[in-house]
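What follows is one structure encoded as structure tokens, with my remarks underneath.
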Amino acid sequence: RGRLRFFLEACISPFLLLSLVLFVSQPVKVRSMDAIDAEIEPQLAERLRSAPPQLPQDDVPHFASQQGVSAGLGGDLPDVHYLHDRFEQPFLDALGEVAEQVPRNTDSNNMIATRRFFKSETISEAILRRLPASLKYSRVLPDMRFIEYPCGGYIAPHTDGVMFDTKTGKQSTTSFLLYLRDTTEGGTTDFLTSVRDGELLHSVSPMKGSILLFPHRTPHEGAGVGSEPKILLRGDLL
């Protein structure tokens, strides 16, 4: 109820409601995901060839917070990592271009957000190359989605489900959130002691080009977004 009140007070106006009605009434053109993915892969391959990664000199994952810098969050969240400076601007620009080509999906029962589902081995391999070898991830699954949280958008407390990788026959173990823009008002990813009435362990503020990695089983939520939208790429790792 509190989140709904926040959404209504912060974001809803008669003009917005009218715009929403007009938008919903418009016919939607839907292309198959196979057709979209077939278009995306060649374009990405060309873009990424001209944008090699410029990675930090060290191979140590680091987490930046108000308290300083350390490897992982430590304490109750030793396997959660927030990495910075591993995704260069041309790569982020390429992701933005991909997002514009993928259809929007608003079907969800625990979030106010728009998702754009797609599949790309090119992107998954490029992300893996930019992660520290010391974390020992072996694969980023190609099935991913862009998530866009509008003003008042949020996702309720939950844990993430596993994904089955047809290439390796294995199940994913880890989620990632690659933030595509800074969000300075709300929109934190909050780690909790449990899904139901859990206490806050740590909050992470979205920073453009930074990636948050955590085990699927970790309880978390996405806090309500303020006036600036929150945009990220969500995926899974082995």
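Here HIS158 meets each of (1) over 13 Å from ALA223 (Cα atoms); (2) touching a His at 6+ places or on another chain (Cβ under 8 Å); (3) not small (Gly, Ala, Ser) with one exception, condition (1).
The rows are residues; the columns are (1) more than 11 Å from the chain's Cα centre (by Cα); (2) buried (at least 18 other Cβ atoms within 10 Å of the Cβ).
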| position | (1), (2) |
| --- | --- |
| VAL195 | yes, no |
| LEU200 | yes, no |
| ALA223 | yes, yes |
| ARG234 | no, no |
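Residue count for segment 148-167 under the criterion of being open to solvent by 20 Å² or more (accessible area, probe 1.4 Å), touching a residue at least 12 places away in the same chain (Cβ under 8 Å) and not β-branched (Val, Ile, Thr): the result is 11.
Within segment 187-210, residues that are farther than 14 Å from GLY222 by Cα reach partners that are of a type in the set (Asp, Glu) and open to solvent by less than 30 Å² (accessible area, probe 1.4 Å) with beta carbons closer than 8 Å, at six or more positions or on different chains, in the pairs GLY209/GLU88. If you go through segment 127-147 and pick out every residue that is under 18 Å from THR173 (Cβ atoms) and open to solvent by 10 Å² or more (accessible area, probe 1.4 Å), you end up with 10. The numbered conditions (1) within 26 Å of ALA223 (Cβ to Cβ); (2) in contact with a Pro (Cβ under 6 Å, 6 or more places away or on another chain) are all true for SER120 except (1).
A Cβ distance below 7 Å, combined with a sequence gap of six or more or placement on separate chains, defines the contacts here; from segment 88-109, residues that are within 12 Å of GLY209 (Cβ to Cβ) reach residues that are part of a loop (DSSP other than H, G, I, E, B) and open to solvent by 80 Å² or more (accessible area, probe 1.4 Å) in the pairs GLU88/GLN54. For segment 89-110, the criterion of being open to solvent by 20 Å² or more (accessible area, probe 1.4 Å), in a strand (DSSP E or B) and either farther than 30 Å from ARG196 by Cα or modelled with pLDDT of 95 or more (or both) is met by none of the residues. Residue check: is SER175 modelled with pLDDT of 95 or more, part of a loop (DSSP other than H, G, I, E, B) and either under 22 Å from LEU95 (Cα atoms) or hydroxyl-bearing (Ser, Thr, Tyr) (or both)? Against the criterion (modelled with pLDDT of 95 or more, part of a loop (DSSP other than H, G, I, E, B) and either under 22 Å from LEU95 (Cα atoms) or hydroxyl-bearing (Ser, Thr, Tyr) (or both)), SER175 does not qualify. Scanning segment 93-152 for residues that are among the polar types (S, T, N, Q), touching a helix residue (DSSP H, G or I) at 6+ places or on another chain (Cβ under 7 Å) and within 21 Å of LYS230 (Cβ to Cβ) turns up just one, GLN101.
Evaluation of SER124 against the conditions (1) polar (S, T, N, Q); (2) farther than 22 Å from PHE214 by Cβ; (3) within 16 Å of the chain's Cα centre (by Cα); (4) open to solvent by less than 50 Å² (accessible area, probe 1.4 Å) shows that the sole unmet condition is (2).
The values are calculated or read from the model by the stated rules, or taken from the named source; none is laboratory data. Keep in mind that what you see is a predicted model, and the values were worked out from it rather than measured. When we count neighbours, we look across all protein chains shown, and the Cβ atoms used for this are built from the backbone with ideal geometry, even at glycine. We work out accessible area using only protein heavy atoms, side chains counted, and drop any ligands, DNA or RNA first. Shrake-Rupley method; radii C 1.70, N 1.55, O 1.52, S 1.80 Å.
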